[in-house]
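Okay, so here's the structure we're looking at.
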Number of protein chains: 2
Amino acid sequence: MFGFNGNLLRVDLSSNDIRTETVDEKIYRKYLGGRGLALHFLLRELEPKADPLGPENELIFSTSVATGVPLPGFSRYAVVAKSPLTDGFGEAEAGGFWGPELKSAGFDVVIFEGSSEEPVYLWANDGTAELRDASHIWSKTTGDTQAMIREELGDSLIRVASIGQAGEKLVRYACIMNELKFANGRGGLGAVMGSKGLKAVAVRGHRRPDFADADKIRELAKWFADSWQKNPGSLSRSKFGTAEMVLPLNAGGILPTRNFTTGSFEGAEGISGEEMKNTMTTDSEGCFACPIRCKRVVKGREPYVTDPMYGGPEYESVAALGSLCAVGDMSAVAYANQLCNAHGLDTISTGCAVAFAMECFENGVLGADEVDDLDLRFGRAEAMVKLVEMIAGREGLGDILAEGVMRASRKIGGDSERYALHVKGKEIPMHDPRGKKGVALQYALSPSGADHMQAAHDAAFEKSVRGVEPLGILDTSDRMSLGPDKVKLFKQLHLWWGLLDSVCACKFVFVPHACGVFKINHLPEIVNAATGWDTSLLELMTASERSLNQARMFNLREGLKSADDWLPDRLFEPLKSIPREDAKISKDELRSAIRMYYELMNWDGETGRPRASKLYELGLT
Amino acid sequence: MFGFNGNLLRVDLSSNDIRTETVDEKIYRKYLGGRGLALHFLLRELEPKADPLGPENELIFSTSVATGVPLPGFSRYAVVAKSPLTDGFGEAEAGGFWGPELKSAGFDVVIFEGSSEEPVYLWANDGTAELRDASHIWSKTTGDTQAMIREELGDSLIRVASIGQAGEKLVRYACIMNELKFANGRGGLGAVMGSKGLKAVAVRGHRRPDFADADKIRELAKWFADSWQKNPGSLSRSKFGTAEMVLPLNAGGILPTRNFTTGSFEGAEGISGEEMKNTMTTDSEGCFACPIRCKRVVKGREPYVTDPMYGGPEYESVAALGSLCAVGDMSAVAYANQLCNAHGLDTISTGCAVAFAMECFENGVLGADEVDDLDLRFGRAEAMVKLVEMIAGREGLGDILAEGVMRASRKIGGDSERYALHVKGKEIPMHDPRGKKGVALQYALSPSGADHMQAAHDAAFEKSVRGVEPLGILDTSDRMSLGPDKVKLFKQLHLWWGLLDSVCACKFVFVPHACGVFKINHLPEIVNAATGWDTSLLELMTASERSLNQARMFNLREGLKSADDWLPDRLFEPLKSIPREDAKISKDELRSAIRMYYELMNWDGETGRPRASKLYELGLT
């Protein structure tokens, strides 16, 4: 077989049983990898209503048929489990080098079952795998963990995905870090890993899968190498990283600030991509086979000196730990970001939790005695940094916030629910749907809870549909529309971005309006070059639809309902930082839009349950 | 613009007003051409419940964005109108040279409105168009018509699409012939043309549209030229023509015989492709840019000497005029076929009408005094030939049969309805759904009434899905299944073949199991090479889905109902010529299958009406 190994590694942590299982090529073709392939196993193997933090949960690391193709953007893999944050479908993708290395080590997928009484880590190396004692590295940072594992195995090129203390302590939004800077960030998969006593997954391999058409891949690599340097978006992303978005979003009045009470932050300059570049960036780095190198290497100023090995904050982290908390000091933000990476915390949920606490504090819902003597007013960088540490260690107020804002507000009571911004229990990312309303659909309809990477954002399609025409999108749509035109656009984009989560491709390299270079029609070419198949965008999009239906079915069986496809109340308030009357979302228009999305998906219009005929068509019965 | 002229010619036959209208590129991209583009105009311009034979009907000749690309299979165009046979959507495609010539003459589409008091023909030539008197050619055969028009315009390369006396006399299944042998065969579009006093459409042009990527087209042409001669199916089709199917179908017990009372014909050898080749074929010929040359040139034996210019009978004609009437004399069949081509009769409906009359006669429903002294027993070649002439001229019993079997049986009364094999008023083609059950779905669900070219037939997918995987088809299906697996397969194939009717491509060159050489993924490449677009199989299939929904909406507004998606009673009787218990269709299984098809299309499961959200998604509201 070309493109993949054709097997999975099944690791029972309770019994220390490890075995390799073959997977039929048809399964790969049907699910592709990533989200879709992992859900195939999760739906069959996980008992309904399992405790996400119990041994019965499964934790699945899944590459795709294209992961490791030596082309920009094909570095990624997904981690999937039942999420302790949403009690539904949990997924998070990461780039870097870990995914290609797993495939080179001879495995496409690793499924962890059960839990280990003593801390362990998995060591997968050139077709073999073993569980090793991790007692001595338990409680260590991700940086120390990686160093110790490389040291004890004697190979500095081992790729390590690990948790920090946040995962060990079951912080519900703990993440999994690889290479200290690439995160399977959202949904608390690090907590699932911690609950299993699994500290790390270390991989090393010397044999890439064969690809069916190596010439074609070389040709595409050369084309990309020539093209990206002519593309202004790619050059800018390479120069500034994702934090380049801070100032444009602030200028547009949609930079999430003070826990989404406004979209305009007076301190935006201080946390801009330009500021990061000019005052602290020492280098850039990137993922496997990608020349764009969109990640930053930074060194913060006193008192927030950072270690370059943890990487610089991405836009989401900058806004969550910065403007959302009204913190305008890039060094403090970078330091808090480092704490998150070292302890294994999702920066988005962490920033939201801090901002939530700040708003509770400012409104007297949290009294001074309940906040461990922190000055928790908006804008206090010291308190923000301290609280991040306390969350990772579940200390004081941090222990409450470690549950996520939904559960924390239930504990805190009072008016705090007003300040708990989440969908399905997962905290809201750093994009305000009141200024780009397709994002409302992303947040409400993402199967893993509030997520900003479900589809390209609205501004891209206001003037032109160039680049997305292969998806059948022929009509532009105003960013402020949440009408049928937006739903139709979103549905196609949702399938397309979901496809990228199944083939484990980087969205940036495929987004023409960001740093994208690859065109949509390159994707089937790449999958065919990897596998030798004769697939098409049509077949691939059907696979993506399959995975969205799988995720939907998973959530329904876990008890999530149509009513959970919704936004927090705050996002129905007008956003005053945009001088437009339509900078608000009405519940009626959102309700209609969601219903229409269901119908476009051939799901029941009331319940959002996939119709039996649709499931049959997708081969999911 | 590349690939097309960007305009249509609108001809008001009542007022002699002719004008050219520009058509936006977006319309071409949305509808592609052929069926889809014609329906775009028909749905907007035709008043509901129009008389199909009144001046208010429109008759639309439509090429596509790919018609005329110098590649095999891209010779085709559609003619669309409200059908006088079904009172719903009428369409018929034809190959040859007429379509490319229309585009070279500067027009993509011709819409005829109104009707002319005196017979006329249209002459479109290098960007100009005029209506010319046709009084002197009215009542002439298609052969004489073509000769006289070429003679009077002084150009032997003029391409002529015309009707014969059948169209003039409003035979409800009169066809339109071009080059005397290529037919827009089904649905009575020749009668619509006759009702408008339009004898012919003559076209000549010297300027092909520019194509965006001529190198790519040359490369594909060369590839095809090399490939088809290595493909056994193409070689066989080139050698024997479509009549090669007679013996295999007879061996399988599914050669429609004696008006579908059996699938086994004792005289099959006499009407086989081999017989045609050995005893009467003098040459082969084909369509624009195609090396396969699947059409026959034949010369029959006394008393049925034929003129080679009318071409030899295709499989459908052989079976309809042969086995269906139990006629085993290939010369008689070829002669009857020539009569159909000369007078402009659809051979399928004509053969069905004759077989219907024969069965009525054998069962005493038609008495000797009602059949003009013909010996109308099955197998009587002389009577078959005579009756074809009488239908074309509406003489005696022929006048009744000229209404089609549905209306004829209403006139004849008695038990005759049992013998009237049609769906929606259109006669059944020469494939027995009891031996390949997907054909039942084609017949029942074709928007233009019973049609065998709605999808590839079942046998192709029993053992392998190779070739159709780009459609997302991953599972084989037994030919005798009419279960959900078959519906799912059929739906995808229906969209795919429907797409070929919008891009006006020959199905044969794309069918791997017949004479096909092109792969499915070649189609978007070809459309892109023609137009310079960046389309995909996904976008193209969406355009096809759009056209199927357009056709559905057209039928619903004209009064057709879900109950019209059905088969005649005979096809629910067991087919005894196959020694299998399952060689029968139950009404329950067909009902379930049709309902499932509706649901897969996101149509209402009861009524088959497209859901509002689906229409909106397709841009049809």
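The values are calculated or read from the model by the stated rules, or taken from the named source; none is laboratory data. This one's a predicted model, so the numbers in the text were calculated from it and none came from an experiment. All Cβ positions, glycine included, derive from the backbone under ideal geometry; neighbour counts span all protein chains shown. Accessible surface areas use protein heavy atoms only, side chains included; no ligands, DNA or RNA. Shrake-Rupley method; radii C 1.70, N 1.55, O 1.52, S 1.80 Å.
Here are the numbers:
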| read-out | value |
| --- | --- |
| FRET efficiency, 1/(1 + (r/R0)^6) with R0 30 Å, evaluated for residue B:415 and residue B:139 via beta carbons | 0.25 |
| Charge dipole (the protein assembly as shown, unit charges on Cβ, about Cα centre) - positive-most of B:59, B:495, B:470 | B:470 |
| Distance between modelled label sites at residue A:16 and residue B:49, nm, 7 Å Cα→Cβ extension | 8.3 nm |
| Inter-probe distance in nm under a simple model that places probes 7 Å from Cα toward Cβ, at residue B:212 and residue A:370 | 6.1 nm |
| Spatially proximal lysines relative to residue A:519 (Cα-Cα < 17 Å; intrachain offsets below 8 disregarded) | A:216, A:222, A:230, A:507 |
| FRET efficiency estimate (nearest 0.05) - Cβ-Cβ, residue A:301 to residue A:576, R0 35 angstrom | 0.55 |
| Apportionment of accessible area to carbon and sulfur, segment B:313-372, percent (1.4 Å) | 41 percent |
| Aspartates and glutamates whose Cα lies under 14 Å from that of residue A:386, excluding same-chain neighbours fewer than 8 positions away | A:372, A:373, A:375, A:395, A:399 |
| Interface area, A with B, accessible, probe 1.4 Å, both sides summed, Å² nearest 100 | 3000 Å² |
| Other-copy label distances relative to residue B:133, 7 angstrom Cα-Cβ extension, nm | 11.0 |
| Sum of side-chain charges, residue A:596 neighbourhood, beta-carbon under 14 Å (Lys, Arg +1; Asp, Glu -1) | 0 |
| 7 Å along Cα→Cβ, label-point gaps from residue B:70 to other copies, nm, shortest first | 4.1 |
| C-alpha center-to-center spacing [segment B:218-237, segment B:353-401] in angstrom | 44 Å |
| The protein assembly as shown, Cα convex hull volume normalised per residue, Å³ | 160 Å³ |
| Solvent exposure ordering (accessible area, 1.4 Å, most first) of B:515, B:506 | B:506, B:515 |
| Residue pairs, from the table B:140/B:424; A:426/A:587; A:26/A:199; B:82/B:239; A:463/A:576, whose Cα atoms sit over 29 Å apart | B:140/B:424; A:26/A:199; B:82/B:239 |
| For segment B:288-310 and segment B:87-162, distance of Cα centres in Å | 23 Å |
| Residues of segment A:593-621 buried by at least 40 Å² on assembly (accessible area, 1.4 Å probe, chain alone as reference) | A:599, A:600, A:602, A:611, A:613, A:616, A:617 |
| Shape call, segment A:1-113: gyration tensor on alpha carbons, a/c limit 1.5 | prolate |
| Cα-based shape type of chain A, given that a ≥ b ≥ c are square roots of the gyration tensor eigenvalues and the cut on a/c is 1.5 | rounded |
| Net length gained if the chain between residue A:118 and residue A:463 were fully extended (0.36 nm per residue, minus Cα distance) | 118.5 nm |
| Whole-number accessible area per residue in Å² for the protein assembly as shown, which is evaluated in the context of all protein chains at 1.4 Å | 31 Å² |
| Local electrostatic count at residue A:204 - Lys and Arg +1, Asp and Glu -1, tallied over other residues with Cβ under 10 Å | -1 |
| Computed accessible area, residue A:128, all protein chains, 1.4 angstrom probe, square angstrom | 80 Å² |
| CD proxy at 222 nm, helix term only [per DSSP H run n ≥ 4: -39500 (n - 2.57); per residue of chain B; nearest 500] | -11000 deg cm²/dmol |
| Distance (nanometres) between label positions extended 7 Å along Cα→Cβ at residue B:389 and residue B:621 | 5.8 nm |
| At least 15 Å along the helix axis (C-alpha) and Kyte average at least 0.0, DSSP helices within chain A | A:34-45, A:330-343, A:347-362, A:381-392 |
| Label-reachable residues, segment A:280-307, where backbone N falls under 20 Å from a point 7 Å from residue A:227's Cα toward its Cβ | A:287-294 |
| Inter-copy spacing of residue A:236 label points, which lie 7 Å from Cα along Cα→Cβ, given in nm from shortest upward | 6.0 |
| Summed side-chain charge close to residue A:23 - residues other than residue A:23 whose Cβ falls under 15 Å, Lys, Arg +1, Asp, Glu -1 | +2 |
| Three-way shape label, segment A:7-204, alpha-carbon gyration tensor, a/c 1.5 | rounded |
